[in-house]
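Undergrad: Encoded as structure tokens, here's the structure I'll be asking about.
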Amino acid sequence: MPMEPRSSGPLSASPGRREEVEDLDLLERRLLDEFQHHFPLSSAPFARVAERLGVGEREVIDTLRSLQERGYISRIGPVFRVRRVGASTLAAMAVPRRRLEAVARYVNAFDEVNHNYERDHRFNLWFVVTAPDPARLRQVLEQIEEHTGLSVMSLPLQRAFHIDLGFPLWS
């Protein structure tokens, strides 16, 4: 997925990193380490990052795009507290192995779907759906069920826990 330089939130690490960390240059390391939190919230966030790092805005955007293409980050975007904005749910599906890739591709096509991943379990496709309101959330889940012919188990949040996954990457 192409990175969209309109985001104003933390960098999300990608589990599919394909290169060794030692191959990262200083700018790449600083971007990954220093901007996990408090990404500038402004009309030109990448210009603010560039100022802080002493490089040009285009270099920041190109470097982040490269990190994404190489699998070091999966996205740049905000993380909202659940129930503060819109409606969301964790969803799971039991998808026959032979259909898993096609169903995952269909599910991923919804703008409302993120955090899609496979699990080694009967319920093998898991994803989060975030929508502007409960009606749209239900509509997305229903469309997925209708198109795939498979049930979607909706697991809405019952109790919130804050897990901060940001940590220093280099000393």
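Undergrad: Full extension from Ser151 to Ala109: what is 0.36 nm times the residue separation minus their Cα-Cα distance, to one decimal in nm?
TA: 13.3 nm
Undergrad: Modelling each spin label as a point 7 Å along the Cα-to-Cβ direction, I'd like the Arg52/Arg159 distance in nm, to one decimal.
TA: 3.4 nm
Undergrad: About the Cα centre of segment 32-104, what is the dipole size in debye to 20, counting +1 per Lys and Arg Cβ and -1 per Asp and Glu Cβ, all else neutral?
TA: 580 debye
Undergrad: Amide H to amide H, which residues 5 or more places from Leu125 or on other chains are under 5 Å from it, using H placed in the peptide plane?
TA: Those lying under 5 Å, H to H, from Leu125 are Met93, Val95, Arg119.
Undergrad: Related question: Shape of segment 87-155 from its Cα gyration tensor (a ≥ b ≥ c, root eigenvalues): rounded if a/c is under 1.5, otherwise prolate when a/b > b/c, or oblate?
TA: Because a/c hits 1.5 or more and a/b exceeds b/c, segment 87-155 counts as prolate.
Undergrad: Continuing with the same structure: Note down the magnitude of the dipole of segment 73-149 about its Cα centre, charges +1 on Lys and Arg C-beta and -1 on Asp and Glu C-beta and zero elsewhere, to the nearest 20 debye.
TA: 240 debye
Every number in this text was worked out from the coordinates using simple rules, so none of it is lab data. Keep in mind it's a predicted model, so treat the numbers as computed, not measured. Note that each Cβ is placed from the backbone with ideal geometry, even for glycine, and that neighbours are counted across all protein chains shown.
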